[in-house]
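Okay, structure first, notes after.
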Amino acid sequence: MAEQFTESLQKLITTARFEDNLAKGLHEATKTVESKYDNNGPVLCVLAEDCQEAKYKQLITALCKQNGVPLVKVDNRVSLGEWVGLCKFDSTNTARKIRGCSCIVIKKFNEKDQADVDLVKQHI
């Protein structure tokens, strides 16, 4: 079940990245969570558990709770950075020079990915 959740979340993040519905990093994430995007607000916030700054995690958690944005926590910020595209790919399509990302916000889901959306919502 956890593996399916991870794959679905990764697919949703990749789709949002290509459709420009993704906010990366503290500044963009806080702006997006506080705003009312499309009158519905952002649909999902993803936070890395291994973030070094405790205040960073407290801020994101509090903002999500205050604004009613669902929060999902992932284990590794390097994996999150790879899913978001903060890396270079070599000729064999292997990710190299991956930069970590501690927080992202998905602004809007694609209607085509409804099965993945349902799976992620069940996990929340």
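The values are calculated or read from the model by the stated rules, or taken from the named source; none is laboratory data. The structure displayed is predicted, hence computed values, not measured ones. Every residue, glycine as well, gets a Cβ built from its backbone with ideal geometry; the counts of neighbours run over all protein chains shown. Each accessible area value is taken on the protein alone, full model and side chains, heavy atoms only, with ligands, DNA and RNA left out. Shrake-Rupley method; radii C 1.70, N 1.55, O 1.52, S 1.80 Å.
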From the Cα centre of the range 85-124 to that of the range 1-80, the distance in Å is 10
Distance between modelled label sites at E19 and D90, nm, 7 Å Cα→Cβ extension: 3.4
Would you pull out the residues with amide H under 5 Å of L22's amide H, same chain only if 5 or more places away, H placed 1.01 Å from N? K107
I need the phi-derived Karplus couplings for the range 69-83: 6.51 cos²θ - 1.76 cosθ + 1.60, θ = phi - 60°, integer Hz, Gly and Pro marked x. 9, x, 10, 10, 10, 10, 6, 10, 6, 5, 4, 4, x, 5, 4
What three numbers, in Å, describe the spread of the alpha carbons of the chain along their principal axes, ordered from the longest? 43, 35, 28
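Might you tell me the accessible area per residue for the chain, computed with a 1.4 Å probe and given in Å²?
Working: 7600 Å² over 124 residues.
With all protein chains present, the chain gives 61 Å² per residue.
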As a test of the formula, what do you get for the chain when each DSSP H run with n ≥ 4 contributes -39,500 (n - 2.57) and the sum is divided by the residue count, at 222 nm and rounded to the nearest 500 deg cm²/dmol? -14500 deg cm²/dmol
What FRET efficiency, computed as 1/(1 + (r/R0)^6) with R0 = 22 Å and r the Cβ-Cβ distance, is obtained for K65 and A2, rounded to the nearest 0.05? 0.40
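Within the chain, what percent of beta bridges assigned by DSSP are antiparallel, to the nearest 5? Intermediate results must be reported in sequence, preceding the final value.
Working: 9 of 13 bridges.
Expressed as a percentage, antiparallel bridges in the chain total about 70.
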Can you list residues whose amide H is under 5 Å from L44's amide H, if they're 5+ apart or on another chain and H is modeled 1.01 Å from N? I106
Expected vector for the range 49-65, Karplus 3J(HN,Hα) from phi with 6.51, -1.76, 1.60 and θ = phi - 60°, integer Hz, x for Gly and Pro, equals 5, 8, 5, 6, 8, 5, 5, 4, 5, 5, 4, 5, 4, 5, 4, 5, 5
Sites Q52 and Q122, calculated FRET efficiency, Cβ-Cβ separation with R0 35 Å, nearest 0.05: 0.70
